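Written out below as structure tokens is the structure these notes cover.
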Amino acid sequence: MMLDFPRYVLILSVLFVTVILPARWFSISELPMVDGSAEISKGGNGLHGYIGYQTPRRPDGFGAGIGFYTAVWPLVEKPLAGFQIGLPGNWITPDNPDNKDIPCCPEGTIARTWAPRGPTWSSVFQTQEGGLGYWRGNRYHYGSPKFSMNGVPDCYNSEIASPGWPFFYRAEALPEEQLGIAQLSSRILVPPDGITFEGDLQGKFLGYTHMALPLTEAKPGPPATGDHSWTLFLNAENFKGPVAFYIPEMWSRLSKDYPIIEGMGLDAREGIMGGGGAMEINTVPSFEWTDENGEVYVKIPRLQFPLDENGRSVLVQDVTYYSKDALFNCLLEWKKSGKTYSGKFDENHAWKPTLSPRPIKLDQRDAKENAQKDLTNLDGVFETITTDSNAFGLAWRDNPYAEAGHFPQYFKQHGNERVPVRLDEVPKALAQMEFPGAETEAQYINWRNGNEIVKGNFIIEKEAPYSTPSTGGWVSPGPASEAFTALLKDGSMVTYKWYRFVDQPSFQHLGWSDAEKKRLQAFVEQLHRYWSIDQEYMAPPSTGSLVAIDPALIVTPPAGMEYGYVPIVVRQEKRLLSEH
């Protein structure tokens, strides 16, 4: 297993390259001969691997919430075609430590075909992923990273990233029976292409926590469904609080025709973040030059990292696990007695693990044979560290390959390894090659394209807007307002409408009774009344300042809809030139 990660959740990211991604996804193509004596190839294999940290297993009972602060910064100077890197994030899976032989993924699911994940397939069963990053499926680019949720409820047959759409692999909203994220906040928009930011991002932090809340009651089924509504909380300069939650039925529906896994999903189980967290370096464009003597040189994009006053790149801090007494049980009491609760996470019921840096292990792939070539001598450029405040990051060396805070751009092959080299050591023509901008990509071909198990819209025309149908739960019961628009920092326009909370599309296929809807609607109205976007939920970061979310995403309910109504994005598209 790459990086020798534990068998817990971090191996999910490995799957995307070693198992899931077909070779054709790299789009390797040959360019013409240069000067008749050298040739250059281009591909999407310029850098792959993980920069991460590890933690010990959490104590029993501290799996009702997991959060941390992560740095937000422009990793590249401009948006690039074929570029996908996730900034430090997490992968949360249901914790079933006693399961040694029950296959969590039934036959007929994508992940069940990954034999090395057996016999339980627990690491690819259900996940809460997403976070900050640059994704190839993004349609609208502005240089800085975006934030997106992503939940995998059914062994990678589907991925759900917003109250209407999956994780970038289709323009049309998901079929109603696949919806699974509910908008909770009445103050922030959740666009399908990700949350944007503004201002100077260097060294600033975004806090986010996935916290289980008892918003709905457990149901006997079938399928049996637990009462864990895993809710995303953000902590930014101009927005604090809950954003949206994964509806418990999203996790339990896989067990409807596969009852052996009842009670094993995230609707009922605590969460586990495996052995820590990581920055996933997935698909990076490259130019590969082979000279007349067979010497191979490689160029990748210029990657930059934030630097603090000590010359370090602090990437993750304040990793925290929570028990149910931190918030879950407080809301249970609120629902039972009517006594309100501020929403602040009770730090007396939190556990903060000691972080340990993982060794650096990165590689490139040969442009002709797609063969792995390990990168070596990187310890002379930077090392992974933890600070005195238990934060994770990078310490930079004085080296001839790149200035502090920058990853080497050029490499030379030695046998089956590649080492960084100076700019003046590479062919001049290679140094002058420019990587295409993201705007040059007309299509996005998702790794799921051609999958024989799950069919769908996996080749995306990037000019296509994110759209919603004019039928079903989007119009019945339907919105309570006219359409509004917001112009975002990424050059897109989102259209949204206000829905009464329980009338939003994600709920309409669940068959809830009127009594269930009434109880939930009443409680959400209370949350809207007493939980504001400028009060404390997560504890502040130990160091640094908070990033600002794009102000266009912060909205105010119309008169008469202050409590119990939520803004639902129904469309996102590129702005017309006249609107700039």
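The values are calculated or read from the model by the stated rules, or taken from the named source; none is laboratory data. Only a predicted model underlies this, so the values are computations on that prediction, with no experimental measurement involved. Every residue, glycine among them, receives a Cβ derived from its backbone with ideal geometry; neighbour counts consider all protein chains shown. To get the accessible areas, we keep the full protein, side chains included, count just its heavy atoms, and leave off ligands, DNA and RNA. Shrake-Rupley method; radii C 1.70, N 1.55, O 1.52, S 1.80 Å.
Arrange the residues Tyr297, Tyr156 by how much accessible surface each exposes, largest first, with a 1.4 angstrom probe. Show your work: numbers first, answer last.
On the way: Tyr297 25, Tyr156 0 Å².
So, going from the largest accessible area down, we get Tyr297, Tyr156.
In what sequence, largest accessible area first, do Ile568, Ile260 appear using a 1.4 Å probe?
Ile260, Ile568
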Task: Whole-Hz couplings from phi, Karplus 6.51/-1.76/1.60, listed for region 209-217; x for Gly and Pro - done: 9, 9, 10, 6, 10, x, 6, 10, 9
Task: Trp396 accessible area, 1.4 Å probe, all protein chains in place, Å² to nearest 10 - done: 40
TODO: Report the net charge of residues surrounding Thr196, where surrounding means a beta-carbon distance below 9 angstrom and charges are Lys +1, Arg +1, Asp -1, Glu -1.
DONE: -2
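What ranking of Met211, Met561, Met433 comes out by heavy-atom accessible area, probe 1.4 Å, highest first? Could you put the intermediate results ahead of the total?
Numbers: Met211 0, Met561 30, Met433 55 Å².
The ordering from most to least exposed comes out as Met433, Met561, Met211.
Would you mind counting up the charge near Trp334? Only other residues with Cβ under 15 Å from its Cβ, with Lys and Arg at +1 and Asp and Glu at -1. Kindly include the intermediate steps, with their values, before the conclusion.
Working: positive: Lys324, Lys335, Lys336, Lys339, Lys344, Arg519, Arg529; negative: Glu217, Asp227, Asp325, Glu333, Asp346, Glu525.
Charge balance near Trp334 sits at +1.
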- [ ] Could you work out how far apart the two model spin labels at Ala515 and His414 are, taking each label as a point 7 Å from the Cα in the direction of the beta carbon, and quote it in nm?
- [x] 7.4
Task: Surface accessible to a 1.4 Å probe, Thr556 within the full protein complex, Å² - done: 100
Open item on the list: Starting from 0.36 nm per residue, how many nanometres of slack lie between Glu347 and Asp379 once their C-alpha separation is accounted for?
Closed with: 7.8 nm
Open item on the list: What does the charge count around Asp424 come to, taking other residues whose C-beta lies under 14 Å from its C-beta (Lys +1, Arg +1, Asp -1, Glu -1)?
Closed with: +3
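Taking R0 as 22 Å, what's the FRET efficiency between Arg57 and Glu536 from their Cβ-Cβ distance, rounded to 0.05? Present the calculation step by step, with values, prior to reporting the outcome.
Numbers: r = 29 Å, r/R0 = 1.31.
Approximately 0.15, to the nearest 0.05.
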- [ ] Express in whole angstrom the spacing between the alpha-carbon centres of region 128-189 and region 191-236.
- [x] 12
Open item on the list: If I fit a long axis through the Cα atoms of helix 328-337 and take the longest principal axis of the Cα atoms of the chain, what angle between them do I get, 0 to 90°, rounded to 10?
Closed with: 20
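Any chance you could run the full-extension gain for Ala480 through Asp424? It's 0.36 nm times the residue separation minus the Cα-Cα distance, nm to one decimal.
Numbers: separation 56, 0.36 × 56 = 20.16 nm, distance 6.33 nm.
Contour length minus Cα-Cα distance gives 13.8 nm.
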Open item on the list: Could you give each residue of region 541-554 its phi-based ³J(HN,Hα) in whole Hz, using Karplus coefficients 6.51, -1.76, 1.60 with θ = phi - 60°, and x for Gly or Pro?
Closed with: x, 5, 9, x, 10, 8, 7, 9, 6, 3, x, 5, 7, 8
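Over region 120-163, with the other protein chains present, what is the accessible area per residue in square angstrom, probe 1.4 angstrom?
Values: 530 Å² over 44 residues.
It amounts to 12 Å² per residue over region 120-163.
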Task: In sequence order, calculated HN-Hα J values of region 456-462 (Karplus, 6.51, -1.76, 1.60; Hz; x Gly/Pro) - done: x, 8, 9, 10, 10, 6, 5
Open item on the list: List the residues, sorted by chain then number, that are 5 or more residues from Ile272 or on another chain and whose placed amide H is less than 5 Å from its amide H.
Closed with: Thr93, Asp95
Open item on the list: Let me cross-check Asp60: its accessible surface, 1.4 Å probe, with only protein heavy atoms counted, in Å² to the nearest 10?
Closed with: 130
Task: Cut-off 15 Å, label 7 Å out along Cα→Cβ of Thr556, residues of region 514-549 by amide N - done: 533-534
- [ ] Taking H placed 1.01 Å from N in the peptide plane, check which residues at least 5 places from Glu237 or on another chain put their amide H under 5 Å from its amide H.
- [x] Val547, Ala548, Ile549
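Tell me, what % of the accessible area of the chain is carbon and sulfur with a 1.4 angstrom probe?
Accessible surface attributable to carbon and sulfur in the chain totals 48 percent.
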TODO: Quick one: which residues, 5+ away or cross-chain, put their amide H under 5 Å from the amide H of Tyr565? H built at 1.01 Å from N.
DONE: Phe501
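With every protein chain kept in place and ligands, DNA and RNA left out, what is the accessible area per residue of region 395-473? Probe 1.4 Å, answer in Å². Present the calculation step by step, with values, prior to reporting the outcome.
Numbers: 4250 Å² over 79 residues.
Accessible surface, normalised per residue, equals 54 Å².
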Task: Extension reserve of the Asn238-Gln432 stretch, reckoned as 0.36 nm per residue once the Cα distance is removed - done: 65.7 nm
Task: Whole-angstrom Cα spans of region 384-454 along principal axes, big to small - done: 48, 43, 31
